[in-house]
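Reviewing the structure listed below.
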Amino acid sequence: MVVKMVLPVIFFFQVLLLASYFNQPHHAYDIDDTNGLGRQFDGIGAISGGGATSRLLVSYAEPYRSQILDYLFKPNFGASLHIFKVEIGGDAQSSDGSEPSHMHSSDDENYYRGYEWWLMKEAKKRNPDIKLYGLPWTFPGWIGNGTTSPYANPQLTAWYVTKWIQGAKQYHNLMIDYIGIWNERLYNITYVETLRKTLDSNGLNNVKIVASDSHWGIVDDLLKDKVFFNTVDIVGVHYTGTLTVPDALKTNKPLWSSEDYSTFNDNVGGGCWARLLNQNYVNGHMTSTISWNLIASYYDKIDWERDGLMTAIEPWSGHYEVASPIYVTAHTSQFTKPGWYYYPHGHGVSHLDKGGSFVALTNSKDLTVVIETMSHDHSICVRPPLPKYTVDKQNATFQLKGSFAGITELFVWYTKLGFNGDPSKFFEKQTPIKVVNGTFSLLLGVDELYTLTTLSVGHKGQYPNSPASEPFPLPYSDDFEKYAEFSEADYFADQSGVFEIRQSNDLEHGKVMRQVVPQRPVVWCNDSDSPTSIIGNHNWTNVNVSSDIYLEDKNGGVLLASRVSSAGCSMRNARGVFLWLSPGKYELTTDHERWDKMKSGTCEMQAQKWYRASLYVKDSKVIAHLNGKKLFDVNIEVGSSKGWAAIGTLAHNYAQFDNFNIDPTG
């Protein structure tokens with residue numbers, strides 16, 4: 001009896017639910033190429049650099065390193081990126097670290113420094129069609145010729161950048177597709193025109209110039225100056241908020257959001273990225289969107305922590321995290337390629353009536369439609385501010401006209417970003433949807449992402465969970481012998497200057513880590529005058545940092561530090577415990593800029609001799625030794641309660657480090 005009563009009740013509510021579904025207004029949207037198509041799609045990309053953002057990735061052991069690279073670059077697996085943008089290192093801080101230049105000085109040239117060459121080759125290995133894009137944030141000091149600008153000698157700078165492109169081909173068989181000017185800084189028309197001429201005269205006519213990697217202001221100059229107009233191939237702008245300016249459309253040039261996102265990679269970050277990937281074209285006619293950054297592989301507590309498409313900050317444990325933006329990217333990248341075309345606005349590209357947007361793209365053989373319904377509070381990007389809007393559950397009917405009016409089904413991929421305890425669903429393959437007389441309908445919820453496509457190639461690539469997270473291992477030591485010359489030692493993260501592996505002239509020391517930047521670079525932010533490389537854990541309190549040190553020039557000095565509180569462009573503001581050693585003297589300070597001097601005195605240190613130095617910190621006690629001789633034993637009010645360990649130099653002087661050690665003191 002009970003069963004007989006319950007079943008009708010269940011059926012009654014099912015009828016009500018179905019009635020509420022069918023009684024909701026259905027909003028119809030055309031997807032129609034009858035009168036042509038919109039702009040050419042140029043691809044989705046991400047940036048390695050702009051602050052050494054991939055620094056820790058290279059130190060991961062296999063198989064975890066290759067797994068991470070697959071999530072980023074492998075077609076039909078994860079993010080499946082179309083464009084890979086890298087920093088052309090300039091020896092200075094550019095957000096979260098400094099990257100080495102291929103020319104530290106005018107008579108120095110090396111194309112094996114840093115990890116960007118390796119990373120570009122790994123991307124190409126997985127996807128030979130991926131486009132490569134280079135952009136400087138900083139420049140070595142000799143380029144500035146005593147100024148703070150790379151435009152002091154436009155021909156010299158054009159030659160320097162051209163050498164990087166040539167080096168990519170000659171030493172790594174990498175063809176660079178796009179080149180930028182100077183990240184988020186003033187462009188110089190004479191320089192851009194000189195760069196174009198220099199590229200062309202060296203047979204690099206196919207390398208396209210993107211400018212200015214800043215704001216829309218360049219459009220005015222392009223429209224006023226015909227020579228300049230013909231020099232720039234692509235208008236690249238940062239953090240547009242999905243909007244363009246009317247004059248940009250008058251150029252008829254490709255418009256790119258050439259740096260975007262910069263948002264913590266939780267589900268809100270995924271919502272930000274999903275909204276941008278659609279609405280940069282819906283609102284702004286931008287045909288490429290490039291994420292800063294590729295992967296958050298730099299220490300937490302540096303500026304912009306975890307703002308990558310995924311996170312890999314523990315090479316010592318192998319732990320990494322595949323974040324929501326990876327699968328958000330896949331919704332577009334796995335079912336399109338550069339060279340496809342968007343449908344026209346109003347006929348396949350549009351906002352949805354109750355919030356959200358959709359874009360349709362085609363290569364004439366296949367069709368892909370991407371729909372997003374990201375709510376305001378769950379898709380806020382770090383910049384610019386997002387105006388208020390609302391999104392509601394809605395029924396949407398799509399009418400296919402033109403080339404694809406006759407198809408009978410579409411493959412479906414689905415993501416639901418969960419909030420407030422609700423579960424998330426990432427890039428799940430659904431039952432294909434039937435298309436009847438060119439029509440299909442969907443009930444769209446809030447914070448959802450759909451891809452409907454004629455392509456069957458999509459795949460949610462997955463590896464077993466990475467190893468568990470572990471703290472940085474102590475005690476820790478490194479004699480630097482295992483590394484290739486000109487590379488960087490594991491776990492060290494240069495914050496100003498460059499510390500690279502070199503062969504010492506002293507056979508006893510073999511390979512060493514050497515600070516190699518000889519003068520203040522043309523900086524991007526207020527870079528410290530004291531080159532510094534951090535290592536370890538931002539939560540360290542009591543450690544003993546020790547190293548063999550060798551000062552090459554009597555006018556310089558070296559640094560050992562503990563409890564370093566900040567890094568990135570905030571390096572100048574770092575507090576902690578800093579021991580500075582130079583010929584005949586030492587200083588103990590609680591700040592990186594050496595204003596707060598706690599102790600100073602004489603020591604036996606000389607240039608061009610090896611010494612063993614140590615800095616012991618436990619609670620308020622600080623003890624320093626040089627070659628076993630105590631320099632001081634003091635109790636001080638330290639500048640920071642916790643932070644990284646570090647090595648460095650007093651100024652841009654040459655110095656060498658070997659047999660580095662960190663031990664806990666309590």
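Within the stretch 130-156, the set of residues being hydroxyl-bearing (S, T, Y) and either within 30 Å of G339 (Cβ to Cβ) or assigned to a helix (DSSP H, G or I) (or both) comprises Y133 only. For the stretch 97-146, the set of residues classified as of a type in the set (S, T, N, Q) and free of Cβ contacts under 8 Å to residues at least 12 places away in the same chain consists of N145 only.
Matching residues to (1) among the hydroxyl-bearing types (S, T, Y); (2) in a strand (DSSP E or B); (3) more than 30 Å from I549 (Cα to Cα):
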{"residue": "F427", "(1), (2), (3)": "no, yes, yes"}
{"residue": "L443", "(1), (2), (3)": "no, yes, yes"}
{"residue": "V446", "(1), (2), (3)": "no, no, yes"}
{"residue": "L449", "(1), (2), (3)": "no, yes, yes"}
{"residue": "H459", "(1), (2), (3)": "no, no, yes"}
{"residue": "N465", "(1), (2), (3)": "no, no, yes"}
{"residue": "P471", "(1), (2), (3)": "no, no, no"}
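Exactly one residue among P100, P150, P75, P140 is surrounded by 24 or more Cβ atoms within 10 Å (Cβ to Cβ) and within 20 Å of the chain's Cα centre (by Cα), and that residue is P100. Within the stretch 163-185, if we keep just the residues that are hydrophobic (A, V, I, L, M, F, W, C) and either free of Cβ contacts under 8 Å to residues at least 12 places away in the same chain or part of a helix (DSSP H, G or I) (or both), the residue that is farthest from W524 (Cα to Cα) turns out to be A168.
Here the strands (runs of 3 or more DSSP E) wholly within the stretch 280-390 that include at least 1 residues being farther than 20 Å from L57 by Cα are 288-292, 349-351, 357-362, 367-372. D247 meets the conditions (1) under 21 Å from T368 (Cβ atoms); (2) surrounded by fewer than 20 Cβ atoms within 10 Å (Cβ to Cβ) in every case but one. The failed one is (1).
In this structure, N653 does satisfy being under 37 Å from the mean Cα position of the chain (by Cα) and either part of a loop (DSSP other than H, G, I, E, B) or at negative phi (or both). All of (1) surrounded by fewer than 20 Cβ atoms within 10 Å (Cβ to Cβ); (2) closer than 21 Å to R575 by Cα; (3) modelled with pLDDT of 95 or more hold for H652 with one exception: (1). Only residues that are surrounded by fewer than 18 Cβ atoms within 10 Å (Cβ to Cβ) and closer than 20 Å to V245 by Cβ were counted in the stretch 190-215, giving 1. Could you check, for the stretch 596-606, whether at least one of its residues is touching a helix residue (DSSP H, G or I) at 6+ places or on another chain (Cβ under 9 Å) and at pLDDT 95 or above? No, the stretch 596-606 has no match at all.
A count restricted to the stretch 489-528 and to residues that are over 25 Å from the mean Cα position of the chain (by Cα) and among the charged types (D, E, K, R) stands at 5.
The values are calculated or read from the model by the stated rules, or taken from the named source; none is laboratory data. Remember, it's a predicted structure, so these values are computed and weren't measured experimentally. A quick note on method: Cβ atoms are made from the backbone with ideal geometry, for glycine too, and the neighbour counts reach across all protein chains shown.
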